[in-house]
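Trainee: So that we are looking at the same thing, I have put the structure below in structure tokens.
The values are calculated or read from the model by the stated rules, or taken from the named source; none is laboratory data. Worth saying up front: this structure is predicted, and the values here are computed from it rather than measured. Backbone-built Cβ (ideal geometry, glycine too); neighbour counts: all protein chains shown. When the accessible area is computed, the model is the full protein with side chains, heavy atoms only, and any ligands, DNA or RNA have been set aside. Shrake-Rupley method; radii C 1.70, N 1.55, O 1.52, S 1.80 Å.
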Amino acid sequence: MARTTNGQRRRPAGDPKTGKFASAGAAAGGFVGAMSGSFVPPLNITVNNNKGGARGGRRSDSLLPAPEFTSPAQVRNYCNTLRAAAVTLSIEVAMGAEILKGVLAAVPDPEGRAFGSRIRAAKVARKMNKAADDLKSAAKNAAACYATFQQQYEEEINRVRHRARRPVQPTMNWAQQ
């Protein structure tokens with residue numbers, strides 16, 4: 001492998017490990033270095049390769065299980081998976097908004113206004129915060145969806161639940177002697 005000017009090894013262009021995110025860390029480091037004195041949490045990029053096919057009722061290209069609603073358990077599983085994914089994404093997007101705000105605040109205002117760069121950064125980050133809030137709302141609605149399903153179909157669920165109960169074990173009657 002070739003070496004760069006600072007002595008690090010550089011991968012050739014045809015190397016399969018060179019991916020589309022290879023320079024993302026360097027770009028993030030460049031932005032963070034430009035901030036001069038502000039705190040920015042570390043940025044980690046994870047790429048998952050799930051090309052192994054569908055396993056456990058999941059599609060390989062989706063975060064959610066297949067939308068097959070043939071039982072209450074599948075409705076519950078879908079709603080819980082959606083809620084968990086939306087909560088996780090909401091947290092990640094909110095953190096991304098803060099990082100974006102910090103990075104953009106370091107870009108000088110072209111008109112030289114006091115706090116102009118912070119105002120512009122806040123306007124951009126506000127939209128990403130709105131996306132985080134919408135994901136949080138999606139998580140709440142997914143949980144509410146299953147609760148409403150239970151309320152609306154309580155009679156059908158209880159009818160099946162009653163049949164599915166284990167038979168009552170006979171108890172010893174000590175009074176009969």
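Trainee: Taking the conditions exactly as written (open to solvent by less than 50 Å² (accessible area, probe 1.4 Å), aliphatic (A, V, I, L, M) and at pLDDT 90 or above), does VAL124 satisfy them or not? Working first, answer last.
Mentor: On the way: open to solvent by less than 50 Å² (accessible area, probe 1.4 Å): no; aliphatic (A, V, I, L, M): yes; at pLDDT 90 or above: yes.
Spelling it out, it is not the case that VAL124 is open to solvent by less than 50 Å² (accessible area, probe 1.4 Å), aliphatic (A, V, I, L, M) and at pLDDT 90 or above.
Trainee: Examine region 109-120 for a residue that is within 21 Å of the chain's Cα centre (by Cα), farther than 30 Å from GLU68 by Cβ and open to solvent by less than 70 Å² (accessible area, probe 1.4 Å), and state whether such a residue exists.
Mentor: Step one: list which residues in region 109-120 are within 21 Å of the chain's Cα centre (by Cα), which gives none.
Scanning region 109-120, I find no residue that is within 21 Å of the chain's Cα centre (by Cα), farther than 30 Å from GLU68 by Cβ and open to solvent by less than 70 Å² (accessible area, probe 1.4 Å), so the answer is no.
Trainee: State whether one or more residues within region 142-158 are open to solvent by 40 Å² or more (accessible area, probe 1.4 Å) and part of a loop (DSSP other than H, G, I, E, B). Spell out how you get there, then give the answer.
Mentor: Initial filter on region 142-158 (open to solvent by 40 Å² or more (accessible area, probe 1.4 Å)): 143-145, 147-156, 158.
Subset that is part of a loop (DSSP other than H, G, I, E, B): 153.
Yes, region 142-158 has at least one match.
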